[in-house]
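The values are calculated or read from the model by the stated rules, or taken from the named source; none is laboratory data. As the structure is a computational prediction, the values presented were derived from the model and not from experiment. All Cβ positions, glycine included, derive from the backbone under ideal geometry; neighbour counts span all protein chains shown. We work out accessible area using only protein heavy atoms, side chains counted, and drop any ligands, DNA or RNA first. Shrake-Rupley method; radii C 1.70, N 1.55, O 1.52, S 1.80 Å.
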Amino acid sequence: MTTTGTTGDVVPLRDAVRAWFLISLQTFGGPAGQIAVMQRHLVDERRWIGQRRFLHALNYCMLLPGPEAQQLAIYVGWLLNGVRGGLIAGTLFVLPGMVVLLALSAVYVGFGDTTVVTALFAGLAPAVVAIVAQAVWRVGSRALTSRVLVGFAVAAFLALAVFAVPFPLVVAVAAIAGWLLHRWRPHLVTGAGGHGGGGDGGPQPLVPDDALHHDRPSARRTTMILVIGLAAWFLPVALFAATTGAGSVFTQQGLFFSGTAVVTFGGAYAVLAFVAQRAVEHYAWLSAGDMIRGLALAESTPGPLIMVVQFVAFLGAFHQPGTLDPWVAGVLASLLTTWVTFVPCFLFILLGAPYVERLRGNHALSAALTGITAAVVGVIANLGLYFAVHTLFTTVTAGPLGLQVPQWDTVRWTPLAIAVIAALLIFRAKWPVLRVLGVSALIGLLAGLAGLPGI
């Protein structure tokens with residue numbers, strides 16, 4: 001293996017591209033599974049990067065909004081092959097999932113009203129309820145290490161579910177509260193959340209740390225990346241606004257999903273409740289049932305779960321195409337939304353990478369992240385409540401303070417049974433998500449063909 005310092009490729013670019021392509025085909029199971037795949041390929045097998053440096057990169061990605069696994073791929077790609085390595089790694093990480101979900105979105109729109117497809121999706125939706133419940137448990141068991149942090153989670157849940165507080169405000173308040181708590185009672189937020197690690201662990205890397213790519217922080221470099229990144233991010237939105245109008249579905253989606261890209265702390269589940277609420281109730285791009293089935297599709301495809309926004313955009317533009325053909329509008333909206341969702345990740349990593357060491361030692365910033373991570377548990381719980389009431393009940397009404405209350409006599413027994421089976425498979429049998437989705441879809445298909453109610 002040839003190392004050429006910080007100005008060239010630390011590993012041959014052809015080998016790096018092949019490795020990132022193989023990783024991209026195995027990125028199922030959410031961020032934990034995706035990070036594990038990179039750990040196995042890059043740290044354990046190829047030994048291109050050491051365990052400590054891998055965790056160092058991951059800790060930085062945890063501080064940022066957006067899908068942390070894709071950002072980790074960009075960061076490690078940058079370490080190995082510079083800027084082009086980061087661009088290649090980040091692009092390949094999302095490309096297979098984007099192509100597959102675009103095809104599934106078209107199938108859903110074109111054939112979603114047939115008995116077979118309807119039954120398959122009806123089986124997937126209840127499984128999502130169990131999957132979100134698992135996400136609450138996993139994040140909560142890691143993040144809620146004190147009663148104060150449990151209070152953060154409960155407060156976030158009540159703020160969203162009962163008082164309809166905007167999601168970005170919940171994130172901001174949680175960050176400020178974590179920072180203040182660090183100043184007054186630092187022991188209450190020490191060691192919570194994150195993916196930190198102590199010793200080196202793992203095999204000895206073939207590439208020493210000082211041979212990995214790095215850039216010296218400078219105002220010139222920062223300005224150049226900021227200008228190019230912001231132009232790449234917003235020029236497509238401006239182009240759609242100029243050609244289709246400021247009020248078109250494309251402009252609305254470009255601006256909306258650009259906004260969600262900068263508040264997606266704590267993973268996709270944390271922001272999906274906000275996306276679902278706005279997309280369903282405000283913009284009317286799709287129904288609550290569509291949103292749930294779209295999440296099930298995103299769970300079954302490789303890549304970050306936030307890719308579900310591509311499904312949302314496809315359906316929204318297909319239903320509101322303006323002067324375009326609905327199919328053309330759906331494809332264009334999907335591509336635009338994917339672009340504005342993931343381009344910020346490249347900007348955040350390439351812009352901040354030279355300052356990682358400084359950020360790593362910033363305890364106040366880590367405390368703010370701890371507050372966000374704790375609040376995210378409540379945010380995900382709110383998402384689970386939203387999905388559960390719209391999947392398991394036929395009628396949902398607005399209760400006191402806007403709380404969504406199901407009519408208990410409208411329970412859908414078949415989806416409830418599928419949700420219980422999915423929960424048993426996840427929590428008791430410890431089945432992987434993809435297998436649970438497959439079984440749930442099969443049960444839904446059999447129930448639909450048998451004519452059972454609720455399908």
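Filtering region 136-189 down to residues that are in contact (Cβ under 8 Å) with a residue 40 or more places away in the chain and outside any helix (DSSP H, G or I), which residue is farthest from L403 (Cα to Cα)? Checked region 136-189; the qualifying residue farthest from L403 (Cα to Cα) is V189. Could you look through region 143-159, keep only residues that are open to solvent by 30 Å² or more (accessible area, probe 1.4 Å) and either touching a Gly at 6+ places or on another chain (Cβ under 6 Å) or of a type in the set (A, V, I, L, M, F, W, C) (or both), and pick out the one that is nearest to A273 (Cα to Cα)? Per the stated criteria, the residue is F157. Selection of first residues in region 436-455 that are under 19 Å from A298 (Cβ atoms) and surrounded by fewer than 20 Cβ atoms within 10 Å (Cβ to Cβ) and of second residues that are modelled with pLDDT of 90 or more and aliphatic (A, V, I, L, M), restricted to Cβ pairs under 7 Å at least 6 apart or on distinct chains, gives the following pairs, ordered by first then second residue: V439/L425. Across region 114-135, what is the number of residues that are closer than 18 Å to F427 by Cβ and either open to solvent by 40 Å² or more (accessible area, probe 1.4 Å) or in contact with a strand residue (DSSP E or B) (Cβ under 6 Å, 6 or more places away or on another chain) (or both)? So the count comes out to 1. Taking helices (runs of 4 or more DSSP H) as the structural unit, those lying wholly within region 266-329 and holding at least 1 residues that are at pLDDT 90 or above and open to solvent by 10 Å² or more (accessible area, probe 1.4 Å) correspond to 288-299, 308-319.
Candidates I349, I306: the one that is β-branched (V, I, T) and farther than 29 Å from P415 by Cβ is I349. Summed over region 160-169, residues that are surrounded by 18 or more Cβ atoms within 10 Å (Cβ to Cβ) and in contact with a Gly (Cβ under 8 Å, 6 or more places away or on another chain) total 1. Which of the residues spanning region 417-442 are in contact with a Ser or Thr (Cβ under 9 Å, 6 or more places away or on another chain) and of a type in the set (A, V, I, L, M)? If the condition is that a residue be in contact with a Ser or Thr (Cβ under 9 Å, 6 or more places away or on another chain) and of a type in the set (A, V, I, L, M), then I418, A419, I421, A422, L425, V433, L434, L437, A441 are the ones that fit.
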